[in-house]
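Peer 1: Dumping the structure here so I can ask a few things about it.
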């Protein structure tokens, strides 16, 4: 297995995990606010990561000289999750996901502009295939057909920009520091950033509701780990467009979670996304 293929498998796993995380507010159906869910997620993840660092004797690795880079990565990452989770609860998941996937192209552009990465012709073809597939699905789902979706649409696009900026920092930081270091800092900063907004919108939940929100902590740790491993193995031009598979996971969530069955156009678009991902995995 090549480094690119391994990287794509790691990113596919992380995309599947975070597809569920992004849909958490929609599943909550108003029982918990977006910021409340995120705060509880980070609250559960932070001590678990510290415990893991202690058990594996990696506490010295937590002393990072790149504190501000970690802070801004947390700002971008937390902001993106908050924006997309909020919007996904207020518009169809397929629409929100298709819009969010513009982040993949932005990630490739940032890699070219700031990291000096180059996109080969085969990679360019693969990226175009994923974009075409996403456009077909977006059209078939009737995105933007409802004028009342104005604010959620803008929020999702803003979230996509933040995701691309976070991906750039993950790529840079993952080359220099351990995965646990990246995860500890984003969870710690994320908990602090979400504390105020969470208190402002706090809603009382039963034990089961709190348990589910806290369970997002270890689930997100696994997703972050997969992301970091993938971004460490391959350039942004390879791993960035793989996140278009997010659309396929969103379709599955729509079917099994909300009874939203895809039509033929969705299947065609999804097939192009998979094809583009396979072509991308075979490039060097």
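Peer 1: Which one of 190, 196 is in a helix (DSSP H, G or I) and either touching a residue at least 12 places away in the same chain (Cβ under 8 Å) or crowded, with 20+ Cβ neighbours inside 10 Å (or both)?
Peer 2: Only one candidate passes the filter, namely 190.
Peer 1: Now a separate question. With respect to residue 99, determine if the residue is modelled with pLDDT under 75, under 21 Å from residue 75 (Cα atoms) and part of a helix (DSSP H, G or I).
Peer 2: Judged against the criteria, residue 99 is a match.
Peer 1: Going through 43, 60 one at a time, which residue ends up being surrounded by fewer than 22 Cβ atoms within 10 Å (Cβ to Cβ) and either out of contact with any helix residue (DSSP H, G or I) (no Cβ under 8 Å at 6 or more places or on another chain) or within 27 Å of residue 236 (Cβ to Cβ) (or both)?
Peer 2: The unique qualifying residue is 60.
Peer 1: Condition first: touching a residue at least 60 places away in the same chain (Cβ under 8 Å), over 30 Å from residue 179 (Cα atoms) and either in contact with a strand residue (DSSP E or B) (Cβ under 9 Å, 6 or more places away or on another chain) or not in a helix (DSSP H, G or I) (or both). Now tell me which residues in the stretch 226-261 satisfy that.
Peer 2: Result: 260, single match.
Peer 1: Of the conditions (1) surrounded by fewer than 22 Cβ atoms within 10 Å (Cβ to Cβ); (2) under 16 Å from residue 183 (Cβ atoms), residue 90 fails just one. Which one is it?
Peer 2: Every listed condition holds for residue 90 apart from (2).
Peer 1: Could you please let me know if residue 55 is in contact (Cβ under 8 Å) with a residue 40 or more places away in the chain and either in contact with a helix residue (DSSP H, G or I) (Cβ under 6 Å, 6 or more places away or on another chain) or more than 30 Å from residue 204 (Cα to Cα) (or both)?
Peer 2: No: the conditions fail for residue 55.
Peer 1: So which residues in the stretch 136-153 are modelled with pLDDT of 75 or more and under 15 Å from residue 247 (Cβ atoms)?
Peer 2: 136, the sole residue that qualifies.
Peer 1: Let me ask another. Please work out which one of (1) surrounded by fewer than 22 Cβ atoms within 10 Å (Cβ to Cβ); (2) assigned to a helix (DSSP H, G or I); (3) at pLDDT below 85 is the condition residue 283 fails and give its number.
Peer 2: (2)
Peer 1: Quick one: residue 11 ticks every box in (1) surrounded by fewer than 21 Cβ atoms within 10 Å (Cβ to Cβ); (2) assigned to a helix (DSSP H, G or I) except a single one, so which number is it?
Peer 2: Going through the list (1) surrounded by fewer than 21 Cβ atoms within 10 Å (Cβ to Cβ); (2) assigned to a helix (DSSP H, G or I), residue 11 breaks only (1).
Peer 1: Looking at (1) closer than 25 Å to residue 232 by Cβ; (2) modelled with pLDDT of 80 or more; (3) surrounded by 19 or more Cβ atoms within 10 Å (Cβ to Cβ), which is the one condition that is false for residue 130?
Peer 2: (2)
Peer 1: OK, next. Go through the stretch 166-178 and report how many residues are part of a helix (DSSP H, G or I) and surrounded by fewer than 20 Cβ atoms within 10 Å (Cβ to Cβ).
Peer 2: Qualifying residue count, the stretch 166-178: 2.
Peer 1: Given the structure, is residue 25 surrounded by 22 or more Cβ atoms within 10 Å (Cβ to Cβ) and modelled with pLDDT of 85 or more?
Peer 2: no
Peer 1: Of the residues that sit in the stretch 58-96 and are in contact (Cβ under 8 Å) with a residue 60 or more places away in the chain and outside any helix (DSSP H, G or I), which one is farthest from the chain's Cα centre (by Cα)?
Peer 2: Going through the qualifying residues, I end up with 58.
The values are calculated or read from the model by the stated rules, or taken from the named source; none is laboratory data. Just so it is clear, the structure is predicted and the values come from calculations on it, not from any experiment. Here the Cβ is made from the backbone with ideal geometry for all residues, glycine too, and neighbour counts use every protein chain on show.
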